[in-house]
Amino acid sequence: MKPTPRLFLIMVLGVVLTGCTEAAAEPSDQPAGTFEKTVEEYDVGSFAVPVFREVDGVTYINDILIVNREYDLPPDYNPGLEPEVIDATGQLMEDAAAEGFSLVIVSGFRSYQDQEAVHEDFVDRLGPEEAEQYTLPPGHSEHQSGLAVDIGTVESASSAAVSFGETEAYAWMKDVAHEYGFVIRYQEGKEDITGLSYEPWHLRYVGVEPATEMYEEDLVLEEYLGID
């Protein structure tokens, strides 16, 4: 079990007080000398815990909206695609065009009812068990948050496909997405953590600073928020 900040402080104080007691029991006749103060650094993050906040049925962890298989959104939560996402996506697509890549939005905001229809379609086509690998129940999709977009090339716009992850456009996008505040939400090899199969096209907006930290540390959102 990792020590909590309070337990850590108590342990440190205990060591200090014990040292003082032992020093008092054995007084020295030696004159006081000079000493050099040293401070040992430690990772405060290792003692940090997620800070949960719920507003009208929407869960935020460390001020980041979370929605996945465990945390859902109310059926009447309909923000539409958030303005900051629209701006960031537009800038991403504009810069991609300057690099010679034609990116398009395949899917943006999706209401609870829209996701319900999508989920039912997957279940009808694949069966309940297999469908769970590729889709989320209504209320559990990031598209309902207004903070997610599916991105593809003009060639792949008709359908989201894993093959997009093999394109030069994706190779460029995955390494710059954080500069616009986006992360590749459902990464390959982390399906057990995210609860969904690899989706190279799915971008989640979290803001530039968190996105950059997640990119540099190769973390998905659950890992970054400490709920993995």
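Readers should treat all values here as calculations from the given coordinates under stated rules, not as data from a laboratory. What you are looking at is a predicted structure, and each value in this text was computed from that prediction instead of being measured. Cβ placement follows ideal geometry from the backbone for every residue including glycine, while neighbour counts extend to all protein chains displayed.
Considering every residue within region 116-134, establish whether at least one is in contact with a helix residue (DSSP H, G or I) (Cβ under 8 Å, 6 or more places away or on another chain) and closer than 21 Å to Ile61 by Cα.
Within region 116-134, none of the residues are in contact with a helix residue (DSSP H, G or I) (Cβ under 8 Å, 6 or more places away or on another chain) and closer than 21 Å to Ile61 by Cα.
Given the criteria within 20 Å of Val104 (Cβ to Cβ), basic (Lys, Arg) and out of contact with any Asp or Glu (no Cβ under 7 Å at 6 or more places or on another chain), does Lys190 qualify?
no
Just checking: which of the strands (runs of 3 or more DSSP E) contained wholly in region 135-228 hold 1 or more residues that are closer than 27 Å to Pro75 by Cα and in contact with a Pro (Cβ under 7 Å, 6 or more places away or on another chain)?
Counting at least 1 such residues, we get 182-186.
When you check Ala117 against the structure, is it in a helix (DSSP H, G or I) and within 27 Å of Asp76 (Cβ to Cβ), yes or no?
Answer is yes for this residue.
Go through region 124-134 and count every residue that is outside any loop (DSSP other than H, G, I, E, B) and crowded, with 16+ Cβ neighbours inside 10 Å.
So the count comes out to 1.
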